[in-house]
Amino acid sequence: MRHFLSLKDFTKDEILEMITLAQKIKKETKAKNFVPYLEKQTLGMIFEKSSTRTRVSFETGIYQLGGIGLFLSSNDIQLGRGEPMKDTSRVISRMVDMVMIRTFEQSKLEEFAKYSKVPVINGLTDSYHPVQVMTDYLTMLEFGVTQPVVAYVGDGNNMTHSWLMLAAKLGFELRIATPKGYECDKNIVEEAFEIAKESGAKISFGNDPKVAVAGTNVVTTDTWISMGQEDEKEERIKAFDGYIVDEALMSLTEKDAIFLHCLPAYRDYEVSETIFEKHADEIFSEAENRLHAQKGIMVWLNEHRD
Ligand code: CP
Ligand code: NVA
């Protein structure tokens, strides 16, 4: 049995298999051919943080695959009152067929997975958001980007770490620009470099968004204030001055470069209103693709049970 906790646990071929499955199921879904790949299966969805896309896409996705989603907010289940993760796992995983968790520390997700009888999917932690970058890769392919040169501008956070793993595994070029003091986690960077040795991925870091985006065909960013960092809002806004993705910055990319944002977006902080609306087609196709990419992941995990 496999869990989907981080892309570092998968080979390039496995990642591409999930993408291919997602493309196939998307085509079937668009033709209103709802193949019951996960008939009568239940997906438990544990949320310790807020969500719009992750909740709606997983719940709709499992339903369209012939199963049902259970929304389990930590405000409503005993986890929120201190029931240990390992007990929660040993209870829920005896009743459902798959679990998706959105939580804080990656270690909490790993603890749940260690005790789980069923596959566990990372629906975002402080360290990673792997279902989102799988979606982003699917979206890049749909927009004709087959040789990605990606610039990530902003906070060295869970999205950046996921981009690092995606690039390292698939072997494409990724340039990251973060302000000083907001760089990526050193251990994750080391792991990514180790993986990149094999794939040939070109990964670079800097503090100048202009240098990062020059000549790229994909630009992406994320909020400067992730869930759980609300108390740091004022200092972060000051630190990220100059990191907005606006017309001036986008003018340095390759012609027809696409812009991706995992959403929610904060206009005139990490992205200008003009750039956001100019690239709305990419951004909202990316949002829709959460539904399709995650179906690929769920069906793949189901096919790889013991
Ligand atoms: N991108 C993303 O995960 O959105 P939600 O927080 O709304 O789920
Ligand atoms: N980095 C953001 C992503 C939201 C989808 C957060 O963790 O809040």
List every residue pair whose Cβ atoms sit under 7 Å apart, with the two residues 6 or more apart in sequence or on different chains, where the first one lies in region 291-305 and is open to solvent by less than 10 Å² (accessible area, probe 1.4 Å) and the second, anywhere, is of a type in the set (Phe, Trp, Tyr). Gln294/Phe58; Ile297/Phe4; Val299/Tyr37; Leu301/Phe4
Mind listing whichever residues of region 242-266 are open to solvent by 50 Å² or more (accessible area, probe 1.4 Å) and more than 16 Å from ligand 1 (Cβ to nearest atom)? Gly242, Glu247, Ala248, Ser251, Leu252, Glu254, Lys255, Asp256
Checking Leu252, Leu301 in turn, the sole residue that is hydrophobic (A, V, I, L, M, F, W, C), farther than 25 Å from Thr52 by Cβ and in contact with a Lys or Arg (Cβ under 7 Å, 6 or more places away or on another chain) turns out to be Leu252
Just wondering, is there one or more residues in region 234-244 that are within 22 Å of Leu16 (Cβ to Cβ) and either over 22 Å from the mean Cα position of the chain (by Cα) or among the aliphatic types (A, V, I, L, M) (or both)? no
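Has region 131-143 got any residue that is touching a residue at least 60 places away in the same chain (Cβ under 8 Å) and outside any helix (DSSP H, G or I)? Reasoning before the result, please.
Of all residues in region 131-143, those touching a residue at least 60 places away in the same chain (Cβ under 8 Å) come to 131-143.
Cutting the leftovers down to outside any helix (DSSP H, G or I) gives us 143.
Among the residues of region 131-143, at least one is touching a residue at least 60 places away in the same chain (Cβ under 8 Å) and outside any helix (DSSP H, G or I), which makes the answer yes.
State all residues of region 261-286 that are aromatic (Phe, Trp, Tyr) and outside any helix (DSSP H, G or I); if no residue qualifies, say none. I'd like the intermediate steps shown before the answer.
Step one: filter region 261-286 for residues aromatic (Phe, Trp, Tyr), giving 266, 269, 276, 284.
Answer for region 261-286, where residues must be aromatic (Phe, Trp, Tyr) and outside any helix (DSSP H, G or I): Tyr266, Tyr269.
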Tell me which residues, restricted to region 120-144, are more than 13 Å from ligand 1 (Cβ to nearest atom) and either closer than 14 Å to Phe4 by Cα or open to solvent by 10 Å² or more (accessible area, probe 1.4 Å) (or both). Val120, Asp126, Ser127, Tyr137, Leu141, Glu142, Phe143, Gly144
If we ask which residues in region 190-222 are in contact with a His (Cβ under 9 Å, 6 or more places away or on another chain) and among the polar types (S, T, N, Q), their number turns out to be 2
Could you give every pair whose Cβ atoms fall below 7 Å, whose first residue belongs to region 37-62 and is over 14 Å from Gln294 (Cβ atoms) and more than 11 Å from ligand 1 (Cβ to nearest atom), and whose second residue is among the hydroxyl-bearing types (Ser, Thr, Tyr) and open to solvent by less than 20 Å² (accessible area, probe 1.4 Å), counting only separations of at least 6 or pairs across chains? Ile46/Ser74; Glu48/Ser74; Glu48/Thr103
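Just checking: which of the helices (runs of 4 or more DSSP H) contained wholly in region 154-235 hold 1 or more residues that are among the aromatic types (Phe, Trp, Tyr), buried (at least 23 other Cβ atoms within 10 Å of the Cβ) and within 16 Å of ligand 2 (Cβ to nearest atom)? Give the steps one after another, and end with the answer.
On the way: elements: 158-170, 186-199, 209-213.
Fully inside region 154-235 and qualifying: 158-170.
The values are calculated or read from the model by the stated rules, or taken from the named source; none is laboratory data. From a predicted model like this one, the values you see are computed outputs, not experimental measurements. Note that we place each Cβ from the backbone using ideal geometry, even for glycine, and neighbour counts take in every protein chain shown. Surface areas here come from the heavy atoms of the whole protein model, side chains and all, with no ligands, DNA or RNA. Shrake-Rupley method; radii C 1.70, N 1.55, O 1.52, S 1.80 Å.
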